[in-house]
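Each remark here refers to the structure printed beneath this line.
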Amino acid sequence: MDEKPHLSLHVPEPPVRPGQKGDYTHLRFSAPGEVRRPPVDVDPMDIHDLAYKLIRVQDDDGNAVGPWAYSVDPGRLRKGLRAMLKTRAYDARMMKMQRQGQTSFYMQCTGEEAIACGFQASLEKGDMNFPTYRQQGLLIAQDWPLVDMMCQILSNEKDRLKGRQLPVMYSVKDAGFFSISGNLGTQYVQAVGWAMASAIRNDSRIAAAWIGDGSTAESDFHAALVFASVYRPPVVLNVVNNQWAISTNQAMAGGENTTFAARAHGYGIPSLRVDGNDYLAVLAASSWAVERARRNLGPTLIEWVTYRVAPHSTSDDPSKYRPKDDQKAWPLGDPVERLKLHLTKLGEWSEERHVQAKAELEEEVLAAAKEARSHGTLQEGAKTSPAEMFEDVYKEMPPHLREQRQQMGY
Amino acid sequence: MDEKPHLSLHVPEPPVRPGQKGDYTHLRFSAPGEVRRPPVDVDPMDIHDLAYKLIRVQDDDGNAVGPWAYSVDPGRLRKGLRAMLKTRAYDARMMKMQRQGQTSFYMQCTGEEAIACGFQASLEKGDMNFPTYRQQGLLIAQDWPLVDMMCQILSNEKDRLKGRQLPVMYSVKDAGFFSISGNLGTQYVQAVGWAMASAIRNDSRIAAAWIGDGSTAESDFHAALVFASVYRPPVVLNVVNNQWAISTNQAMAGGENTTFAARAHGYGIPSLRVDGNDYLAVLAASSWAVERARRNLGPTLIEWVTYRVAPHSTSDDPSKYRPKDDQKAWPLGDPVERLKLHLTKLGEWSEERHVQAKAELEEEVLAAAKEARSHGTLQEGAKTSPAEMFEDVYKEMPPHLREQRQQMGY
Amino acid sequence: MTRRTMIEAIRDAIDVSMERDEKVVVFGEDVGFFGGVFRCTEGLQKKYGTHRCFDTPISETGIVGVAIGMGAYGLRPVAEIQFADYVYPGYDQIVSEAARLRHRSAGDFTAPLVIRMPCGGGIFGGQTHSQSPEALFTHVAGLKTVIPSNPYDAKGLLISAIEDDDPIIFLEPKRLYNGPFNGHHDQPVVPWSKHDLGETPDGHYTVPIGKAAIRREGSALTVLAYGTMVHVALTAAEETGIDAEVIDLRTLVPLDVETIVASVSKTGRCVVVHEATRTSGFGAELAAQVQERCFYHLEAPVLRVTGWDTPYPHAQEWNYFPGPDRVGRALKQAMEG
Amino acid sequence: MTRRTMIEAIRDAIDVSMERDEKVVVFGEDVGFFGGVFRCTEGLQKKYGTHRCFDTPISETGIVGVAIGMGAYGLRPVAEIQFADYVYPGYDQIVSEAARLRHRSAGDFTAPLVIRMPCGGGIFGGQTHSQSPEALFTHVAGLKTVIPSNPYDAKGLLISAIEDDDPIIFLEPKRLYNGPFNGHHDQPVVPWSKHDLGETPDGHYTVPIGKAAIRREGSALTVLAYGTMVHVALTAAEETGIDAEVIDLRTLVPLDVETIVASVSKTGRCVVVHEATRTSGFGAELAAQVQERCFYHLEAPVLRVTGWDTPYPHAQEWNYFPGPDRVGRALKQAMEG
Ligand SMILES: Cc1ncc(C[n+]2csc(CCOP(=O)(O)OP(=O)(O)O)c2C)c(N)n1
Ligand SMILES: Cc1ncc(C[n+]2csc(CCOP(=O)(O)OP(=O)(O)O)c2C)c(N)n1
Ligand SMILES: [Mg+2]
Ligand SMILES: [Mg+2]
């Protein structure tokens, strides 16, 4: 009898842990400008290589280079930079309010601002995002009133969700921002369904689905790709790979031997892998995918490679599972700093304007926070009546809910 | 404003429908012997092309050709041929018994016999299959007593599953045959878990997961691939692409723009696409994948390309959704005829031996059916006591089930 | 008026709805070209095209998930789950998403879906073609759960369901598709064409969601039943000669408490019947409510006749199914209690 | 004996079990290196290695699915679902597979799993970190459902569950992790270190599955509760001064009917309390059984105090939670009834 080798289980680990030095040298990235730009009606089979490369536009000196660089009005870029700065100021303010006990919970998107802000810039009114909790940039980039967002965070009387939802789980139909679910992944396939509906109705509106690297492991991710593959609806399937899912890194979601962009291949869906910290690359890749959708060419999957700078949420402490200096090792830099460099290089921005813009935006955020707070916070001041809990469970309140509301004293 | 094009929904259709002539010319197949045979420890990235080809060993003249042809003892091949013939005779007999009302339901695997029969030949005792309802060949190829299988079909007093399960949902731990579930796909990920357990225990046993083309759309398929990708357990992930899933063809499962073998790429799992009607190719590919698993090299996905000759089940009528002569258009022939040709070419088989073997096997099946029937059928004769229904819900029967059993009068 | 089987009534309800509202779309496994394994959607793809009636991949997760997206867009999706036993991969989408979308978005988005699924046993389908999972939906706030017992109701309720703005679980007792099966599996079933409730109006009409129907008036005892069990209960009442009032609930949530309370207050006795497993079945809710609301009228405990707390067995199906004998015994017991 | 929080008790139960049986393996999202978002598995990967305690991808389908495969192989998997609210993607594997594997294979294969999950509200978690889905499991034949209310039971029950050969849903009321929360959210919680039931033996011991515990003897009325609600019920009894007998069910299936019937037969009154939504909650089963079995002893209807039939709201959490005032009112009502 032949000696059989003993099997063993492979359990992926991040390259480094607390106490060690941050290290992302295992990630393979392309040089800025290196990756080709195929036509939008390319045969998906012909761009499999792109899933293993990284579309980057901006080089280290702040120049836009290569085939994905295209001329953007500097005004649009400044708008993008302001959106990112405002998102960051917003996050900082909400963190503070959470620590002061004015809300129960908050989630930042620090380091990932370019993705949502840049993507939103390529959409049109009537399109629909199905975001995760880390895409506040989609709202901020379209200048959605901060006070409105904050009132949701504070669960106060002006909270459009009437205190029902966990903070950050916005829902703003008018802004093409679908109600966020606390359940990971579920909305990916809903976005596909929404896009199918648009196609069924011979409409021209498109959908954008959003998911994190960790959540691609959920079942709905597969369901979404299967349905997108079969019916070819107008949807952009975004995967935000920020390297982490709470305490586990992307290897635990199956990113060790492959990329998340490559997931699309087995479904015959074209995919791009893009530097998510490069605002110029985000703009370019987004419009490529949006154009495909709009022209009825079907779905595109985009893996946005980025880094979650912040803790997962206000309940998280990353020092337990990754080095304190982890961020320093991140090779793709900071999206704000990078776009600032590019604009400065173009002569369209400067350190002074930057400092001033930041101050203005922080001021704006602070003013909004003050106004929002005047409508109450989770713990103090005005809030929605508890009786509201019984509304909207159904369109019409059925007898048993009326009875229960009465029992509650309303 | 630019005119936006109207979107529309793409709904895949089989190339032909009832009333038209069968047509499979859209499928691209490789020539026998054409596809290379990589070493088992190949980098998965280096064999992506294999997922779009088709490993075939036997040519139209019955010769074994190309790198996947390897010398097999003709005795083993004859055993394989007999297993396939026996499976076919078994299916025919069970169909007859179903039509006679001796059982409620049956499912044939006509045309797909080579896959289960050939695969089983590469496993060892202790390994575990997680089959679907169309892998009776796994049992028959290891000479599992037909009477035992038939008693399950008849739900009689010797039914090892005590009349609890729908016919064909066998469970035979001793034969490395996991309890079949009526729910599609669920067992794919269980197989991965079983293989993980073997690795955790530093065992040498491996698992084989089975799923149909249609069922790859289910969530568990994705879960299985994610976990297989992450932990690299010793599992062979079989996808039996028999072109149909009840009334829908494989395009409806996402097979229109890609192959099921390609699904593995996005997970970094190596995959093969194999002519499932070519017993020699089945043997060769199975042992390649089994060797990988056994040597702790991790999972392999194999798409077996075949054709469902029979109706989906005894409840189905394929003339409603595919041409009557659909099978004739199937380009990969019949597995039994093909292996017969090869063995005859080798001088190891002949028309006479074939006729004799068929007759013998039909005799054997008939005798087994007679014996099985003597233990009762669904409608007549002995069967398990209804009280058995309350056993095995839990290991020990809890009080409420004892009470209910009493209420039933036992 | 046309005599229709339950299958024909369901098909007609969808047809009428598709005709009236082009936002109604219909899909599921084998639902398009083939017309569904129970033929409930036969001919609809031909009539309305592949944009409005189509096959889906075998993914209940996906079927419900895309239905929610379509509903949020503004369509009225009618999705079929091939057997209720296969709904579980779609359960998360139903419970976490469809049921709560309106509430969590404060009405910003809604999920006006109908999820149709054949349920119940009696066809030797074994444990994966026989289940009655209604209680797994009735526990979930935001869902409505409907289950007709005859062609007339099936058509009227399904039209109501499609027009309703809330997500609806629409259970179709498959053993009733062709006739009012009364539990005597050894006797031939009268076809719907010979049954009054097989008489269904052509065109559009509705049966309101949330209203029960009294199928048999009586003064001695109230039987609460739904789906197949309505016919079993009627038979048990006839066979025992007990003057039972048989209520067909038709909708489980929202429940027609008024009709139930009026009846039990009158009869003072109540038996609840369902095919699903007993523990935490919907019968528990019914028994709990009846004793809460009618305690001082009750002369005997509310009894439950249900499927046993085991998987639905294949060969012992008729020992599992709560047939007229078991129901009859409970009626007698309730009269004695 | 050591004073332990519920988290520590749970961790210790797993530790003891891993130490005694190398077939025990532990996994879930963030469970390995990090030790779980509630820290219940902290230190176990370090102690037992990555083969026995590891992180998983974020796929509840996969977590339960691989656990079943491991169980069938012969291991004793202890899987964590990060919040009970996220179990639904794994629901199909639990209901269709784990629950029925032994039965459908006639004992050939079994699924001896424990699926642990934090449940219940009270931490401002909103609708997706607050749910109590126990009734969705109690309806499923083949599952056992356990829910401890204190560290002593948590450890003893969890060890029993790991050693049990059937699949077990192990619900952990997260609001009790650090102390016996009594529903007065505006008062500080006594930590477990100051509570008798925080006292847990070191090493191995078991609390039997299927046995309730009487937490407070009384003769006027029986309160049936479990998890967090046990402490709320005790407080309501103190505060109303009603001589209530408070039963902590600990296991919902199989239910300790004997203890319940003995108590209600003695008191003649019963209030059932849970945090889950009311309709088809486990309280319905309890009320149904109590009136079935104790009808002639009952002097008032069995009342239910439960969460409302709405999603668990974030800001109105304390209006949703059935606190001591609402329970107290029900106790009084039951006494008057
Ligand atoms: C179904 C479900 N399972 C688990 C969780 C708990 N959870 C919340 S966020 C998170 C990590 C998600 O990581 P990723 O998808 O990478 O997104 P990121 O937080 O990095 O943006 C987990 C496990 C959940 N919300 N829903
Ligand atoms: C979860 C689930 N959904 C639906 C079904 C109904 N069903 C049984 S077999 C089948 C088709 C499966 O097709 P495929 O996977 O290609 O396998 P094949 O029958 O071709 O071998 C369907 C839809 C089921 N059994 N389980
Ligand atoms: Mg992430
Ligand atoms: Mg198939």
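Just so it is clear, none of the values below were taken in a lab; they were calculated from the coordinates. Just so we're clear, the structure is a prediction, and the values are computed from it rather than from any experiment. Cβ atoms come from the backbone with ideal geometry, glycine included; neighbour counts cover every protein chain shown.
Seen against the Cα atoms of chain D and their longest principal axis, helix D:257-267 is set at about 20 degrees. Calculated on the alpha-carbon coordinates, the convex hull of chain C measures out at 121 cubic angstrom per residue.
Between A:Leu346 and A:Asp61, the distance separating the two model label sites (each 7 Å from Cα on the Cα→Cβ line) works out to 1.8 nm. Extending 7 Å from the Cα toward the beta-carbon at both D:Glu217 and B:Asp43 defines two label points whose distance is 7.6 nm.
Taking a 18 Å limit on the Cα-Cα distance, which of the listed pairs B:Lys53/B:Lys324; C:Lys47/C:Lys194; B:Lys96/B:Lys162; B:Lys162/B:Lys383; A:Lys96/A:Lys370 fall beyond it? Pairs exceeding 18 Å: B:Lys53/B:Lys324; C:Lys47/C:Lys194; B:Lys96/B:Lys162.
When the Cα positions of A:Ser247, A:Pro233, A:Val189 are compared along the charge dipole of segment A:185-288, A:Pro233 comes out farthest toward the positive end, with charges on each C-beta of Lys, Arg, Asp and Glu. Put the Cα centre of segment B:292-343 next to the Cα centre of segment C:296-317 and the gap is 45 Å.
The separation of segment D:64-127 from segment B:238-255, counted between C-alpha centres, amounts to 30 Å. Charging the Cβ of each Asp and Glu at -1 and of each Lys and Arg at +1, and nothing else, the dipole of the protein assembly as shown about its Cα centre rounds to 420 debye. Rounded to the nearest 10 degrees, the angle from helix A:335-345 to the longest Cα principal axis of chain A is 70 degrees.
How far, in degrees from 0 to 90, does helix B:351-374 lean away from the longest principal axis of the Cα atoms of chain B, to the nearest 10? Taking the Cα atoms of chain B, the angle to B:351-374 is about 30 degrees. Per-residue shielding of A:260-266, expressed as the average number of other chain Cβ atoms within 10 Å of the residue Cβ, stands at 6.
Reducing segment B:101-177 and segment C:1-61 to their Cα centroids gives an inter-centroid distance of 36 Å. All distinct Cα pairs of segment C:124-173 go into the 1/r average, and the inverse of that average, the Kirkwood radius, is 12.0 Å.
Inter-copy label distances for C:Ser193: 8.1 nm (label point placed 7 Å from Cα along Cα→Cβ; shortest first).
Take each residue in B:373-383, count the other chain C-beta atoms within 10 Å of its C-beta, and the mean is 1. Annotation for segment A:29-104: trypsin sites (Lys or Arg not before Pro) lying in DSSP loop with at most 16 further Cβ atoms inside 10 Å of their Cβ are A:Arg36. For chain D, a Gaussian network of Cα nodes joined below 10 Å ranks D:Ala220, D:Ala236, D:Ala84 by mean-square fluctuation, and the top entry is D:Ala220.
Helical content alone sets the calculated 222 nm signal of chain C at -9500 deg cm²/dmol, taking -39,500 (n - 2.57) per DSSP H segment of four or more residues and averaging over every residue.
Modelled spin labels at A:Ser71 and B:Gln20, positioned 7 Å past Cα toward Cβ, are 4.9 nm from each other.
The Cα-based radius of gyration of the protein assembly as shown, divided by its Kirkwood radius, gives an Rg/Rh of 0.95. Here segment D:67-148 is treated with +1 on each Lys and Arg Cβ and -1 on each Asp and Glu Cβ, and its dipole about the Cα centre works out to around 240 debye. Given R0 = 35 Å, the distance between the Cβ atoms of B:Lys320 and C:Lys332 translates into a calculated FRET efficiency of 0.15. About its Cα centre, chain D has a charge dipole of approximately 80 debye under the convention of +1 per Lys or Arg Cβ and -1 per Asp or Glu Cβ, with nothing else charged. Would you list the P(r) distribution for chain B, with all Cα-Cα distances sorted into 10 Å bins from 0 and each bin expressed as a whole %? P(r) for chain B, in whole percents per bin: 5, 21, 30, 26, 12, 4, 1, 0. In segment C:2-200, the DSSP beta bridges split such that about 10 percent are antiparallel, to the nearest 5. The chymotrypsin sites (Phe, Trp or Tyr not before Pro) found in segment B:78-174 include none that occupy coil by DSSP while having at most 16 further C-beta atoms within 10 Å.
Taking N as the residue count of segment B:281-352, its C-alpha radius of gyration divided by 2.2 N^0.38 Å amounts to 1.55.
For segment C:2-200, the C-alpha radius of gyration sits at 0.98 times the compact-globule guess of 2.2 N^0.38 Å, with N the residue count.
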